[in-house]
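Inspection log for the structure reproduced underneath, given as structure tokens.
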Amino acid sequence: MRVNIWTSIILIIVGLYDLAIVFNRRQQLSKDYVGQSKTLKHQRWNLIGFLVVGIVLLLAGIIILFVRK
């Protein structure tokens, strides 16, 4: 299956954007900041989700960039 180079570039850009969101809000990932607040715990899980999706998209973009035919 042929994959266009633009597909891999878009995946890399979106992955980096997700990681930038997590990097700019990294204070909210600490357990001291969250404490007992249920709202902050929910936001923490959202940030962890952004982190996982960002890593997956970034790795997929890099793999597609170098493995494409």
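The values are calculated or read from the model by the stated rules, or taken from the named source; none is laboratory data. Quick caveat, the model's predicted, so the values are computed rather than measured. Here the Cβ positions follow ideal geometry from the backbone for every residue, glycine too, while neighbour counts run over all protein chains shown. Note: accessible area is taken over every heavy atom of the protein model, side chains too, but ligands, DNA and RNA are not part of it. Shrake-Rupley method; radii C 1.70, N 1.55, O 1.52, S 1.80 Å.
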**OP:** For residue 23, indicate whether it is of a type in the set (Phe, Trp, Tyr), under 29 Å from residue 63 (Cβ atoms), free of Cβ contacts under 8 Å to residues at least 24 places away in the same chain and part of a helix (DSSP H, G or I).
**Re:** yes
**OP:** Working carefully through the options 3, 14, 53, find the one that is under 30 Å from residue 66 (Cβ atoms), at pLDDT below 85 and either open to solvent by less than 90 Å² (accessible area, probe 1.4 Å) or in a helix (DSSP H, G or I) (or both).
**Re:** 3
Subject >> Residue satisfying condition, being open to solvent by 100 Å² or more (accessible area, probe 1.4 Å) and modelled with pLDDT under 85, within set 44, 68 >> reply: 68
Subject >> Subset of the range 23-40 [among the basic types (Lys, Arg), at pLDDT 75 or above and over 17 Å from residue 55 (Cβ atoms)] >> reply: 38
